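Comments concern the structure below.
The values are calculated or read from the model by the stated rules, or taken from the named source; none is laboratory data. Small disclaimer: the values here were computed from a predicted structure and weren't measured. Cβ coordinates were reconstructed from backbone atoms using ideal geometry, including for glycine residues, and neighbour counts include every protein chain displayed. Accessible surface areas use protein heavy atoms only, side chains included; no ligands, DNA or RNA. Shrake-Rupley method; radii C 1.70, N 1.55, O 1.52, S 1.80 Å.
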Amino acid sequence: MKLLLDFLPILLFFGAYKLWGIYAGTAVLMAATCVQMAVIYLVDKKLSTMHKATLALILIFGALTLALQDERFIKWKPTVLYAAMALALAVAQWGYRKNVLKAMLGAQIALPDFAWLRLSVAWIVYCLFMAALNGYVAAYYSTDAWADFKLWGYVFPVVFIVAQGFYVARHLIEPAESTQAHPGAPE
């Protein structure tokens, strides 16, 4: 359900773009993202920093696209978002010696410190890759090709998340109580 909720604004943007063009698609993306964030807030009673940043960038870059009638703004929004994420993760990791992923997820999954560091580096590299890829497509391809990339390029985050799942599974630390003998269990 969460994946569908994450994918819905892009899908609606793509449909509106194909039917009515980039400006209608941008308006639909802005509205769909607002609805998406409202649903997330109603369910979780909060928005993560990532959700807030995504919403702010879509509204800012979308408003600039519509007000100035310049599609470059909405096309470059993903590059700015991914680059900002990479920068924030890198500064936290190496500047402040704080692993953001561990801070966010450490209460739910137990991993050794080296695994948290590798995940952080993987996220930094992934974000830089996605920033560069979107920037390249936005700069050198048509708006039609960029819109197609936005829809079909969704495979990149899905593959990345699945690969992370396999990596995390290999390095999970079992809780101490699960390694102790249960009452009545043979020793």
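Per-structure values
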read-out	value
nm² value of the averaged projected area, convex hull over the Cα atoms of region 107-149	4.1
Solvent-accessible area per residue for the chain (1.4 angstrom probe, square angstrom)	61
Rounded if a/c under 1.5, otherwise prolate or oblate - region 18-83, Cα gyration tensor axes	oblate
Zero-based 10 Å bins, Cα pair distances in the chain, whole percents	8, 30, 33, 18, 7, 3, 1, 0
Solvent-accessible surface (1.4 angstrom probe) belonging to Met37, in square angstrom, nearest 10	10
Nearest-ten-degree value, helix 49-68 long axis tilted from longest Cα axis of the chain	10
Rounded to the nearest 20 debye, dipole of the chain from Cβ charges on Lys, Arg, Asp, Glu	380
Carbon/sulfur fraction of accessible area - the chain, other protein chains in place, 1.4 Å, %	71
Overall Cα dimensions of region 70-169 - principal axes, largest extent first, Å	45, 29, 17
Region 19-125: relative contact order as a whole-number percent, Cα under 8 Å and 6+ apart	21
Spatial separation of Cα centroids for region 127-167 and region 43-122, in angstrom	15
Estimated inter-spin distance, Leu11 and Lys52, nm [label 7 Å along Cα→Cβ]	2.9
Potential lengthening between His171 and Ala145 on full extension [0.36 nm per residue; Cα-Cα distance subtracted]	5.4 nm
Helix axis angle, 72-90 relative to the chain longest principal axis, alpha carbon, degrees	20
